[in-house]
Amino acid sequence: MLIKITKGWEIPDREATPEPEYLDRRRFLQTAGLAGASILAGAAALSTCSTGGVAPAVATPSEPASGAARRPPGPSPYASFFPAKRNPAFILDRPLTAETVAASYNNFYEFGEDKRSPSLLAGRLTTYPWRVEVTGLVARPKAYDVEELMRLLPGEERLYRHRCVEAWAMAVPWTGFPVKSLLDLVQPLSSAGFVRMLSFYRPDEAPGQKTLHWYPWPYYEGLTLAEAMNPLAFFATGIYRHPLPPQHGAPLRLVTPWKYGFKSIKSIVKIELVSQKPHTFWNDVVPDEYDFFANVNPAVPHKRWSQAAETMIDTRERRPTLPFNGYGEFVARLYT
Ligand SMILES: Nc1nc2c(c(=O)[nH]1)N[C@H]1C(S)=C(S)[C@@H](COP(=O)(O)O)O[C@H]1N2
Ligand SMILES: [Mo]
């Protein structure tokens, strides 16, 4: 059912049918079945980590607790790498989304489950200095500072469509470099079959990592090595011709435009080449709703809503969903 909109571009969370609905149901079931509910941030919630089974034991507490390198912070050098030259190979079938809308309608659960909180709270995240460890089954494992990566791998701008599994979409100009360029630096071994990526774990800066304690923080994602080496797979350091604002996943986030947005892990601290298919955050939280591949597909509905159409977040234009989000010519052969 469509709900009447009063606030311009803003899609009410209830209309976008977001991931948290599942959790509301879970919380209800657990509240009904268990005693000792605790009240958190105005919402009734239960500790589910050990009793509820929402978060399987796949979180990795031994991971480094921070992506920040230990040296005195100064002014961020990231801006000096902008703007970057646009790569004309990536063209859009629709207008770019208004920047102010893209920057205030975000999914970044480390800062809350609603769309507005990330833009209000993610400024607490210290994004400089920021170190990314590239490790695992590689010939040359190394920890890079993000500005070092920006120097080593010159940025380019790409206009990409971006489609959330909640059936909203935007079109944005990212700046960054292909995932392949970084992997070529560390040289994956022949035993590597997958790339596992990890976000930061800093509950003191990211309130959601405390209050939303039933999630298996830190956020983690993965790709097959073939997907990661595909020319479309991109590490973004910027958007709209300037460094990423924190709500978009500063200072480095993945962009895989043929997949639903939850694959595009934000604020990455670790990239690990592994031999086995890695666990992924949303697949662990709700296995029957979010699969590992998560390729955009209008023919496969989500368990609770159709994926046949999408709504642009600024104009509210409805558009048919495209297979692979319109990127089949680049990626379809990965899956045949
Ligand atoms: N670390 C982290 N990365 C994340 C998320 C998140 O909650 N935490 N949300 C994902 C989802 S569901 C989407 S749709 C995109 C949203 O990216 P945007 O806010 O830049 O549009 O980020 C993805 N990456
Ligand atoms: Mo999403």
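The values are calculated or read from the model by the stated rules, or taken from the named source; none is laboratory data. If you're wondering where the values come from, they're calculated on a predicted model, not measured in any experiment. Cβ placement follows ideal geometry from the backbone for every residue including glycine, while neighbour counts extend to all protein chains displayed.
Can you name every one of the strands (runs of 3 or more DSSP E) wholly within region 97-200 that holds 3 or more residues which are away from ligand 2 (no atom under 16 Å from the Cβ) and under 21 Å from H242 (Cα atoms)?
156-163, 168-178
From the set of residues in region 252-263 that are more than 15 Å from R158 (Cα to Cα) and of a type outside the set (A, V, I, L, M, F, W, C), which is nearest to ligand 1 (Cβ to nearest atom)?
Step by step, filter region 252-263, then rank; the result is G261.
For the structure I just gave you, tell me whether R241 is within 16 Å of ligand 1 (Cβ to nearest atom), free of Cβ contacts under 8 Å to residues at least 24 places away in the same chain and closer than 24 Å to A79 by Cα.
Taking the combined requirement at face value, the residue does not satisfy it.
Just wondering, is there one or more residues in region 272-282 that are near ligand 1 (Cβ under 10 Å from one of its atoms), under 23 Å from V172 (Cβ atoms) and either free of Cβ contacts under 8 Å to residues at least 60 places away in the same chain or out of contact with any Phe, Trp or Tyr (no Cβ under 6 Å at 6 or more places or on another chain) (or both)?
no
Need pairs with beta-carbon distance below 7 Å; first residue over 15 Å from Q307 (Cβ atoms) and within region 322-336, second part of a helix (DSSP H, G or I); sequence gap 6+ or separate chains.
V331/F324; A332/F324; L334/A226; L334/E227
Might you check whether a residue that is of a type in the set (D, E, K, R), modelled with pLDDT under 95 and away from ligand 2 (no atom under 16 Å from the Cβ) occurs anywhere in region 67-87?
yes
Looking only at residues in region 251-264 that are touching a helix residue (DSSP H, G or I) at 6+ places or on another chain (Cβ under 8 Å) and in contact (Cβ under 8 Å) with a residue 60 or more places away in the chain, which one is farthest from ligand 2 (Cβ to nearest atom)?
Filtering region 251-264 for residues that are touching a helix residue (DSSP H, G or I) at 6+ places or on another chain (Cβ under 8 Å) and in contact (Cβ under 8 Å) with a residue 60 or more places away in the chain, the one farthest from ligand 2 (Cβ to nearest atom) comes out as P251.
With respect to A171, determine if the residue is small (G, A, S), within 16 Å of ligand 1 (Cβ to nearest atom) and touching a strand residue (DSSP E or B) at 6+ places or on another chain (Cβ under 8 Å).
When the stated conditions are applied, A171 passes them.
Return the total of residues in region 283-326 being exposed (fewer than 14 other Cβ atoms within 10 Å of the Cβ), within 16 Å of ligand 1 (Cβ to nearest atom) and of a type in the set (G, A, S).
0
Among the residues of region 133-163 satisfying the criterion of being hydrophobic (A, V, I, L, M, F, W, C) and under 19 Å from A250 (Cβ atoms), which is surrounded by the fewest Cβ atoms within 10 Å (Cβ to Cβ)?
Here the residue is L152.
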